[in-house]
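A short reminder: the numbers here are calculations on the coordinates, not readings from a lab. As the structure is a computational prediction, the values presented were derived from the model and not from experiment. Please note: Cβ atoms are built from the backbone with ideal geometry, for glycine as well, and neighbour counts cover all protein chains shown.
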């Protein structure tokens, strides 16, 4: 199994954490954007984005699809950490509610990526109203997620994919100095609950 990603990618970190939590060995191929060879990358993912997972003869991209694939293809390959890892992205009886949480976390992260990428080009929220809207959207998403969360996570009793996605989103936003998120008690408790989990602690962001 091969994972194309970087240690700075919040999308790639989601997959790294899940693979570690399931105790699945893999080879990481670091692919910094500055070193992309577009033709080679396009052959793996036409969107030229990471992460990309190769498992035997199958190539997958888009982080949530990769997570779903790993959960459903290897359902019995789980680690021993507690709480146990969730069995799927969503619960059958709460599919739409759980899907909305995941979608909102992705929106939060997408807004952060917009701030980061345009900021690298010297564009600030004062210069571009679009970026100001992204800042507002981040805070509205965080407020909404606070209402959906519990101190034990988005799905109490398991380490959910939403928990992984949120930890990666706000961890990246804080690491890059892009947006404040603390001061929301349930979200802070959720992150604190899983901070020392080996799969999380052993897969930090780093340059």
Find the centroid of the Cα atoms in the range 46-68 and in the range 8-26, then give the distance between the two in whole Å.
-> 12
Ranked by Cβ crowding within 10 angstrom, fewest neighbours first, how are 89, 18 ordered?
-> 89, 18
Everything considered on the Cα gyration tensor (a ≥ b ≥ c; rounded for a/c under 1.5, else prolate if a/b is larger than b/c, else oblate), the range 38-96 must be described as prolate
In whole Å, how far is the Cα centre of the range 169-207 from that of the range 116-146?
-> 19
Can you tell me the relative contact order of the chain? Whole percent, Cα pairs under 8 Å, sequence separation 6 or more.
-> 25
Mind pulling up the Rg/Rh value for the chain? Radius of gyration and Kirkwood radius, both on Cα.
-> 0.96
Once every DSSP H run of n ≥ 4 in the chain is given -39500 (n - 2.57) and the sum is divided by its residues, what mean residue ellipticity at 222 nm do you get, rounded to the nearest 500 deg cm²/dmol?
-> -16500 deg cm²/dmol
Write down the Å³ per residue value for the convex hull defined by the alpha carbon atoms of the range 1-92.
-> 104
Packing-based ranking, highest mean first, of 119-128, 142-151, 93-102 given that Cβ atoms within 10 Å are counted | 142-151, 93-102, 119-128
The range 92-197, Cα convex hull volume normalised per residue, Å³ = 95
